[in-house]
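Take a look at the structure below.
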Amino acid sequence: MDVYIFGAGASAAEGAPAVKDFLARGWELLAPDFDDRIRAVWRFLETIFRTPVTGPEAFAFMPAVDELISLVDWSLHVNQGLGFQYDPPRLYQVRRDLEHLLSATLDAALQNRFRESSGPHARFVRALLDAARPGEFALLSLNYDTLLDDALLGQGAVPNYGLDPGRQGPFLGKLHGSLNWALCPACSHITVADEKVAHLLPYVEGLSCRRCGNERLNGLIVSPTWLKNYEGFRLQHIWDQALEWLQRADRIVFVGYSVPPADVAIYQLIRRALLAGRHRGWTHVDVINHRPEGDPVAAHLHEQAVVERFTHLFGRAVKFDFSGFHGQI
């Protein structure tokens, strides 16, 4: 059985912004009509980094979005403010506004990707469904976008998110949440919406909790941060199912994911699966990644770093494909 793990590089193949360019792309995609919450993020950045945010070029002098969220998370963790204007209560709102910016930017970047798309995800799903039945593979995604979801629906296959016991269909475990999921703070139920709604919550007309009827729902995404917190999320049940699928895997395919050192939870999940796997032997591992354009020295160093991380995790017998994700299975 094959298990596919999708990272940010797979979404980047469809036009999603990379982490290092996320803030600049957010400005370009959402300008000039920023809503109040996004303008609050720009004011925060101006205050903290003492740099006027007047265009995408300003972000060249600031940390990437994951470092920025990590800075806020650490400040909240130790209950300390950032300067005179941002005490912990105000930083908590900044943290929520940053998640809003993440969701809005991804929605804007991918809004023209339709279910009938001929992009890499659509080609991948067509090839996969032609080659295997739903119970013979599992999809795990670390991305919030709905590219895999839409590709499956485009082929008439309703994804099984692992949220409802007994649900049939291809398993799609979204370990970091999803733009089309809404969490009810009253009963902790996860409602799957027909559209991407995370950037519109808590108020979305016509959307309510399918268990208790609450109309004030929250988004459900685990932000890119060095201090990821999975406690209290209904996501744990999905992680447990992901572990079971990985334990049964004959082959694990990483698509656009390089096991960065900050993703300790993912590393631990995979290591647990290998130690308690059904075969207790060797699992075939394929890695599909991209080769950076431009400086050949930088490209070589990138590939070398990726190879080292995977060989440390799985040993030497890993197959690498640095041609980028274009729908291969």
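The values are calculated or read from the model by the stated rules, or taken from the named source; none is laboratory data. Please read these numbers as outputs of a predicted model, since none were measured by experiment. A quick note on method: Cβ atoms are made from the backbone with ideal geometry, for glycine too, and the neighbour counts reach across all protein chains shown. Calculation scope for accessible area: heavy atoms of the full protein, side chains included, ligands and nucleic acids excluded. Shrake-Rupley method; radii C 1.70, N 1.55, O 1.52, S 1.80 Å.
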> What accessible surface, in Å², does a 1.4 Å probe find on Tyr257, ignoring ligands, DNA and RNA and rounding to the nearest 10?
Replying inline: 10
>> Please report the antiparallel percentage of the DSSP beta bridges confined to the stretch 149-240, to the nearest 5.
In response: 90
> the stretch 139-159 to the stretch 51-128: how many Å between their Cα centroids?
Replying inline: 22
> When the solvent-accessible surface of protein heavy atoms is calculated with a 1.4 angstrom probe, in what order do Val259, Val78, Val297 fall, highest first?
Replying inline: Val297, Val78, Val259
> R0 = 30 Å: FRET efficiency of Tyr92 with Cys187, Cβ-based, nearest 0.05?
Replying inline: 0.85
> Roughly what would the spin-label model give for Asp250 and Gln268, points 7 Å off Cα along C-beta, in nm?
Replying inline: 3.2
> From the phi of every residue in the stretch 39-46, what ³J(HN,Hα) in whole Hz does the Karplus formula 6.51 cos²θ - 1.76 cosθ + 1.60 yield, where θ is phi - 60° and glycine or proline is x?
Replying inline: 4, 5, 5, 4, 5, 4, 5, 4
> When ligands, DNA and RNA are left out and all protein chains stay put, how many square angstrom of accessible area per residue does the chain have with a 1.4 Å probe?
Replying inline: 49
>> List the chymotrypsin sites (Phe, Trp or Tyr not before Pro) within the stretch 1-95 that DSSP assigns to loop and that have no more than 16 neighbouring Cβ atoms inside 10 Å.
In response: Phe34, Phe84
> How far, in degrees from 0 to 90, does helix 264-275 lean away from the longest principal axis of the Cα atoms of the chain, to the nearest 10?
Replying inline: 20
> Between Arg316 and Asp33, what length comes free when the chain is fully extended (0.36 nm per residue of separation minus the Cα-Cα distance, one decimal in nm)?
Replying inline: 96.8 nm
>> Between Phe49 and His237, what's the calculated FRET efficiency when r is the beta-carbon distance and R0 is 41 Å? Round to 0.05.
In response: 0.55
>> Helix-only estimate, please: 222 nm mean residue ellipticity of the chain, summing -39500 (n - 2.57) across DSSP H runs of length 4 or more and dividing by its residues, to the nearest 500.
In response: -12500 deg cm²/dmol
>> For the pair Ala108/Leu153, report the inter-label distance in nm, with labels modelled 7 Å from Cα in the Cβ direction.
In response: 2.3
>> At 1.4 Å probe size, what's the solvent-accessible area of His326? Round to the nearest 10 Å².
In response: 90
>> List residues of the stretch 296-329, by number, whose backbone nitrogen lies under 20 Å from a label position 7 Å along Cα→C-beta of Ser117.
In response: 323-329
> Tell me, what ³J(HN,Hα) does each residue in the stretch 54-68 have, in order and in whole Hz, if you take phi through Karplus 6.51 cos²θ - 1.76 cosθ + 1.60 with θ = phi - 60° and put x for Gly and Pro?
Replying inline: 10, x, x, 5, 5, 7, 5, 9, 10, x, 5, 5, 5, 5, 5
>> For a protection proxy built on the mean count of beta-carbon atoms within 10 angstrom, sort 179-186, 241-248, 310-317 highest first, please.
In response: 179-186, 241-248, 310-317
>> In whole percent, and with a 1.4 Å probe on the protein chains, what portion of the accessible area of the chain is carbon and sulfur?
In response: 51
> So which lysines pass the test for Lys196, namely a Cα distance under 30 Å, with those fewer than 8 places away in the same chain ruled out?
Replying inline: Lys20, Lys174, Lys228
> Hey, what angle do you get for helix 296-314 against the long axis of the chain, alpha-carbon based, 0 to 90 degrees rounded to 10?
Replying inline: 60
>> Could you compute the net charge surrounding Cys209? Neighbours are other residues with a C-beta less than 13 Å from the C-beta of Cys209; K and R count +1, D and E count -1.
In response: +3
>> Considering only C-alpha atoms, what is the centroid distance from the stretch 243-274 to the stretch 4-36, in Å?
In response: 24
> Which percent, to the nearest 5, of DSSP beta bridges fully inside the chain are antiparallel?
Replying inline: 25
